[in-house]
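A short write-up of the structure that comes next.
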Amino acid sequence: MMKYLIAEDEIDLQQSIVTYLQRDGNLCEVASNFDDASEKVALYDYDVIILDINLISGSGLEILKSIKKEKKDVGVIIISANNSLTDKLEGLDLGADDYITKPFHLAELNARINAVLRRGKYGGDELIEFNELKIDTRSRTAYIDGRDIALTKKEYDLLVFFLSNKGRVLSKEIIAEHLWGDNSDLLDNFDFIYVHINNLRKKLTAEGAKYIKTAYGSGYKFIED
Amino acid sequence: MEKKTRLIKKTSRTFLLTGLVLAVLSSIALYFYTKGLLQDQEEESLYSTEARVVNALKNDKTVLSFPPVTEIKKVQHIRPEILKDTIIYDPSQDEMEEFRELSTYEKINGQTYQITVRYLVVESKDILIAIVFSNIAIFVLAFLFLFYFNTKKNIKLWNPFFKNLEQMKKFSLSSNEELHLVDSDVLEFSELKEEILLLTSKVRNDYKNLKQFTEDVSHEMHTPLAIIQAKIDNIINEHSINKKQFDQVSSIQKHIQRLKHLNQRITILTKIDNNQFIRVEDVNITKILEEKIENFKELEIDYISLSSKNDLIASMDVYLADILINNLISNAIKHSSQEKKISIISENKTLVISNYGQKALQHPEKLFLRFYREVNSVQSSGLGLAIVKKICDLYNFDFSYNFSENQHSFSVVFK
């Protein structure tokens with residue numbers, strides 16, 4: 001179980017994030033303004049803080065500065081409405097672990113949180129384990145019952161994305177956006193996502209890991225039988 | 001369009017033409033007036049000489065003939081007097097001379113005389129010519145002086161106008177540089193200056209407001225979009241929905257992405273307008289191209305070929321270079337026809353990206369306008385090429401389109 005702080009002044013967005021993250025049994029605290037966020041950051045320990053840059057009464061970057069000043073062992077993911085490179089660079093320079101621009105998919109946010117946690121520092125593990133499935137994120141290899149399975153780069157990314165969002169329905173749009181980012185709008189259709197997913201599925205199924213399920217006909221879900 | 005003449009040249013030309021016409025007309029008038037005057041004078045003198053001759057004859061004094069000036073002949077009959085021009089040989093000068101001649105017939109002391117007096121015309125002709133010539137000379141001198149003086153004065157007078165015109169030519173909407181307009185003691189020029197200042201500041205303000213508005217709108221849209229997106233993500237996961245609902249919700253997600261991309265592009269456009277890309281460095285375009293082609297291969301787009309002899313280096317912002325290349329390739333991918341082949345050729349400072357298409361664009365001149373589309377495609381934001389154009393304008397790169405042999409080609413000439 002991980003403990004998150006969601007510092008976001010838009011209550012609707014804040015609550016949606018909470019709802020999504022809580023499903024994995026994580027503990028989510030919220031802060032709706034600058035003072036609230038500063039106070040909670042100073043008083044409590046979190047694994048990851050999701051920090052909006054534009055908080056009503058102050059800048060999230062200030063909170064980030066104080067976190068880094070006090071050398072707190074916490075992952076920080078910045079949320080910004082501003083898709084500007086300078087903002088991004090400033091945030092990362094100040095020590096943020098990742099940066100995500102509004103609007104984003106909750107599945108994407110969740111994947112980024114997991115990636116930050118896996119980097120080890122913040123109580124996470126570089127290994128992802130799920131029943132007989134094991135992924136070493138450092139060497140980017142996947143194993144089933146100790147046997148390594150050869151995955152392409154995209155198949156590997158896809159598998160990690162699925163594992164970060166276990167039990168969630170992922171539409172093709174979300175997957176395409178995760179795998180190809182802005183370039184995903186170039187695709188006529190998401191048909192070839194099937195290709196990648198099917199290949200991954202076949203490789204897993206061949207080893208007996210039948211976890212990727214179809215949901216609603218066109219979406220996918222990584223779930224235990 | 002009519003040929004444009006410079007203001008000073010035009011006024012000078014009018015001035016000179018008027019001068020010429022005046023000089024000619026006045027010379028002609030002077031010529032005839034002086035000629036008439038001289039003729040009257042000659043005739044008066046002829047009559048007076050004749051009267052003296054008659055007087056002398058009456059007093060029975062012997063009057064000698066001095067041909068050709070005076071000739072007295074005895075004749076039988078009285079005839080009416082004749083006043084005419086004649087040409088007589090002058091032995092002293094050995095040439096034919098023109099004379100004005102008056103012949104009268106008088107009966108004096110019972111004897112009829114024909115009295116002929118003549119006046120040498122040459123003299124008066126010389127005077128006439130001298131007068132006309134000096135008139136022309138005076139006119140020309142006066143006009144040259146006036147012309148010089150006038151032009152100098154005009155240039156000085158119009159100086160504020162020309163200076164302000166130069167300033168207006170330099171006026172740019174996007175720059176914040178003040179216009180340095182010159183005031184003048186001429187009321188109209190001063191008024192013109194005030195009006196220019198008023199208009200330019202208004203135009204700039206409007207432009208700034210519009211830019212700010214676009215920026216704000218696109219910025220403010222991010223948060224509501226993020227909320228919609230997040231709620232949809234939760235709907236999919238929390239509620240049991242049917243397939244039809246899922247498809248519709250997925251479609252909403254797709255269009256949220258569209259809005260997101262649209263917003264990103266508008267933001268780039270406004271940032272370029274706001275001169276927020278000031279970092280200029282040597283960017284290896286060829287390297288970016290290779291990376292992009294590699295990236296697109298992951299999207300199953302493996303029909304892009306690159307041919308380049310040596311690395312193309314451009315001085316620009318590296319982020320904008322990336323957008324430029326990305327938009328050009330994306331555009332080629334989106335509008336590829338059945339024959340899927342995109343060729344990229346880089347040579348010296350020129351980059352040409354071509355893709356196959358059915359026919360030439362109907363309105364290539366509108367190609368770089370925002371939101372101009374010739375095919376209605378959901379994928380196209382209508383801003384990709386507008387951004388490319390904007391980037392090229394920023395760095396004075398030449399960006400052009402042409403269609404030949406069923407291929408749409410876009411070329412950028414870097415600097």
*Please report, in debye to the nearest 20, how large the charge dipole of region B:368-415 is about its Cα centre when each Lys and Arg carries +1 at its beta carbon and each Asp and Glu carries -1 there.*
220
_Neighbour-limited loop hits for trypsin sites (Lys or Arg not before Pro), region A:104-164 (at most 11 other Cβ within 10 Å; DSSP other than H, G, I, E, B)_ = A:138
*So which aspartates and glutamates can residue B:35 reach, going by Cα to Cα under 13 Å and dropping same-chain residues fewer than 8 places off?*
B:43, B:123, B:126
_Contact order relative to length of chain B, as percent, for alpha carbon pairs under 8 angstrom and 6 or more apart_ = 9
*Go ahead and estimate [θ] at 222 nm for the protein assembly as shown from helices alone: -39,500 (n - 2.57) per DSSP H run with n ≥ 4, summed, over the residue count, rounded to 500.*
-17000 deg cm²/dmol
*What FRET efficiency comes out for the pair residue B:413/residue A:27, r = Cβ-Cβ distance, R0 = 41 Å, nearest 0.05?*
0.10
*Principal axis dimensions, largest first and in whole angstrom, of region A:3-118 by Cα*: 31, 31, 29
_For B:254-266, mean number of other protein chain Cβ atoms within 10 Å_ = 3
*What is the distance in Å between the Cα centres of region B:277-304 and region B:344-375?*
18
*Other protein chain Cβ atoms within 10 Å, averaged over every residue that makes up B:208-221*: 1
*Percent of alpha carbon pairs in the protein assembly as shown separated by more than 32 Å?*
68
*In region B:360-413, which trypsin sites (Lys or Arg not before Pro) are in a loop and have at most 13 other Cβ atoms within 10 Å, using DSSP for the loop call?*
B:373
*Out of residues 5 or more away from residue A:29 or on other chains, whose amide H comes under 5 Å of its own, with H placed 1.01 Å from N in the peptide plane?*
A:4, A:5, A:6
*Determine which lysines satisfy two conditions relative to residue A:134: a Cα distance under 22 Å, and not lying fewer than 8 residues away in the same chain.*
A:121, A:153, A:154, A:166, A:202, A:203, A:210, A:213, A:221
*asked:* What percent of all Cα-Cα pairs in region B:7-143 falls into each 5 Å bin, going from 0 up to the bin containing the maximum distance?
replied: 2, 9, 14, 15, 12, 10, 9, 7, 6, 5, 4, 3, 2, 1, 1, 0, 0
*Of A:30, A:61, A:42, farthest towards positive along the dipole that unit charges on Lys, Arg, Asp, Glu beta carbons give region A:23-98*: A:61
*With a cut-off of 20 Å, note down the residues of region B:327-350 whose backbone N falls inside the zone around a label point 7 Å from the Cα of residue B:405 toward its beta carbon.*
B:332-333, B:336-348, B:350
*Taking each pair of different alpha-carbon atoms in region B:187-273 once, compute 1/r for the pair, average those values, and report the inverse of that mean as the Kirkwood hydrodynamic radius in Å to one decimal.*
16.4
*Just how large is the dipole of chain A about the Cα centre, in debye to the nearest 20, putting +1 at every Lys and Arg Cβ and -1 at every Asp and Glu Cβ?*
820
*Selection of trypsin sites (Lys or Arg not before Pro), region A:157-225, meeting DSSP coil and at most 15 other Cβ within 10 Å*: A:166, A:210
_Normalised radius of gyration for region B:27-99, please: alpha carbon Rg relative to 2.2 N^0.38 Å, two decimal places._
1.39
*For region A:53-92 and region B:49-96, distance of Cα centres in Å*: 127
*asked:* Explain nothing, just compute: Karplus ³J(HN,Hα) = 6.51 cos²θ - 1.76 cosθ + 1.60, θ = phi - 60°, for every residue of region B:294-309 in order, whole Hz, x for Gly and Pro.
replied: 5, 4, 5, 4, 5, 8, 6, 9, 10, 10, 9, 10, 10, 10, 8, 7
_Averaged across orientations, what area in nm² does the convex hull of the alpha carbons in region B:281-413 project?_
7.7
*asked:* For peptide B:267-279, what's the mean number of Cβ atoms from other chains within 10 Å of each residue's Cβ?
replied: 1
*For region B:187-273, how many pairs of lysine residues have a Cα-Cα distance under 26 Å, where the two are 8 or more positions apart or belong to different chains?*
18
_Contour minus Cα-Cα distance for residue B:298 and residue B:166 (0.36 nm per residue)_ = 42.1 nm
_Cα centroid separation, region B:6-21 to region B:164-236 (Å)_ = 43
*asked:* Averaging the inverse of every distinct alpha carbon separation and then flipping it gives the Kirkwood radius. What is it for chain B, in angstrom units?
replied: 31.8
*Only Lys, Arg, Asp and Glu count, each charged at its Cβ (+1, +1, -1, -1), so figure out the dipole size of region B:7-143 about its Cα centre, rounded to 20 debye.*
560
*Could you check how many percent of all C-alpha pairs in region B:157-199 are farther apart than 11 Å?*
63
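Just so you know, all these numbers are worked out from the coordinates, no wet-lab data involved. Because the structure is predicted, anything quoted here is derived from the model rather than measured. Here the Cβ is made from the backbone with ideal geometry for all residues, glycine too, and neighbour counts use every protein chain on show.
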